[in-house]
Amino acid sequence: MLRSLTLIRGIHISSTNWSSTKAQLLKLRKKTGYPFDSCKKALQLNDNSLEKSEAWLKEEAQRLGWAKANKLANRATAQGVIAFAIDSQKEVATMVEVNCETDFVARNKCFHSVVEVVTSSCLDFAKQQKALENSFSKVNLKSGDLMELSGAEGKSLADHVAVTIGNLGENVTLRRATCLNTRDTGLNIMGLTHPANPTGSQFLSGKYGSLLIYRKQLDSEKINQRSMESSHDEILRQMCQHVIGMNPKSVGVLSIQEPIKSQEVVPAKTFNENDDSSLDNIDEKQSESEFEEDGMLEQAFLLDPSITVGQVATDYGIDILDFVRYECGET
């Protein structure tokens, strides 16, 4: 009888311990996202301590990630995304290019997570820069510069990339970034990616991206009645779309010209950043013959080729100071 009671008590204690361990395992798995086998091993090595197990998993992921990163370092990374972020005052912005091997991984949540870390770190870096007197700060960062920046949890972006490589099993590289700061200059920044970001992230990403530095004119007499037809933000997004689609080489010189004459009058298009047709279906011959100018202000406006970008800027009281254009994988 006594032996039976002891056996039952042992089974009850063992069942209770397993329930407790299982609960810890589920918590650790949900919090970290690592495989069950790894979480189970972490708990066994750290006396079921969640905090110690989580730290052990991160260290292990970092170690394995760097080993994988070194192994895959020579693989080409022709795919990826362009991402940007702008602060709430539209005075500080960054644009980054993060590359991977395949388009499949470029749509992966794990890859998007590291893109967000990189973009956030670059935006923090941009905030630390000081705008030049009567101008703005523009800093271009190369791959080596990016890898040294500090990211989440105090780790370098190189460490974050290594962990991502370990998780994805595919090479990931930080190619470049541009950081802008216009604080205390009266200038602002607008940005756009194409196609539009479908993930709902606060950082917008796509295969193309553009940032536009501009100033709004305060003299209302200089602003044409057309400015009442659309908001400034809408027309600025359209100008960013123009930069992506027409790829100007410089801002150019503002000059008021007669509307461009063409054989066919193209009506003004409604802007839709999800619509590929406005960017992808431009006739190459028409582009070469009618849009020969490299300066943005002299080019025919992408969404209404009957007028120039300079005329649009004048009508809406916008001074364009500079722009940044990225295309994923461009040479």
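The values are calculated or read from the model by the stated rules, or taken from the named source; none is laboratory data. These numbers were taken from a predicted model, which means no experiment stands behind them. Positions of Cβ are generated from backbone atoms using ideal geometry, with glycine treated the same way; all protein chains shown enter the neighbour counts. These area figures cover heavy atoms from the full protein model, side chains too; ligands, DNA and RNA do not enter into them. Shrake-Rupley method; radii C 1.70, N 1.55, O 1.52, S 1.80 Å.
Condition check ((1) surrounded by fewer than 19 Cβ atoms within 10 Å (Cβ to Cβ); (2) modelled with pLDDT under 95; (3) part of a helix (DSSP H, G or I); (4) touching a helix residue (DSSP H, G or I) at 6+ places or on another chain (Cβ under 9 Å)) across all residues:
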position: 243; (1), (2), (3), (4): no, no, yes, yes
position: 248; (1), (2), (3), (4): no, no, no, yes
position: 253; (1), (2), (3), (4): yes, yes, no, yes
position: 260; (1), (2), (3), (4): yes, yes, no, yes
position: 264; (1), (2), (3), (4): yes, yes, no, no
position: 271; (1), (2), (3), (4): yes, yes, no, yes
position: 289; (1), (2), (3), (4): yes, yes, yes, no
position: 305; (1), (2), (3), (4): no, yes, no, yes
position: 312; (1), (2), (3), (4): no, yes, yes, yes
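List the helices (runs of 4 or more DSSP H) inside segment 1-105, counting only whole elements, that have at least 3 residues being closer than 24 Å to residue 149 by Cα and modelled with pLDDT of 70 or more.
On the way: elements: 2-32, 36-45, 50-72.
Ranges flagged: 50-72.
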* Lone qualifier among 197, 171, 224 - being farther than 23 Å from residue 244 by Cβ and either β-branched (Val, Ile, Thr) or at pLDDT below 90 (or both) -> 224
* To do: Spot the failing condition for residue 106; the list is (1) farther than 19 Å from residue 202 by Cα; (2) without any contact (Cβ under 8 Å) to a residue 40 or more places away in the chain; (3) under 15 Å from the mean Cα position of the chain (by Cα), and only one is missed.
  => (1)
* With respect to the numbered conditions (1) within 14 Å of the chain's Cα centre (by Cα); (2) surrounded by fewer than 16 Cβ atoms within 10 Å (Cβ to Cβ), which one is the sole condition not fulfilled by residue 153? -> (1)
* Any idea which residue in segment 86-118 is most open to solvent (accessible area, probe 1.4 Å), counting only those that are over 20 Å from residue 194 (Cβ atoms) and of a type in the set (Ser, Thr, Tyr)? -> 88
* Structure fact -> When (1) within 14 Å of the chain's Cα centre (by Cα); (2) over 30 Å from residue 46 (Cβ atoms) are applied to residue 137, the one that fails is (1)
* Structure fact -> In segment 121-156, anything within 24 Å of residue 63 (Cα to Cα) and in a helix (DSSP H, G or I) is listed as 121, 143, 144, 145, 146, 147, 148, 152, 153, 154
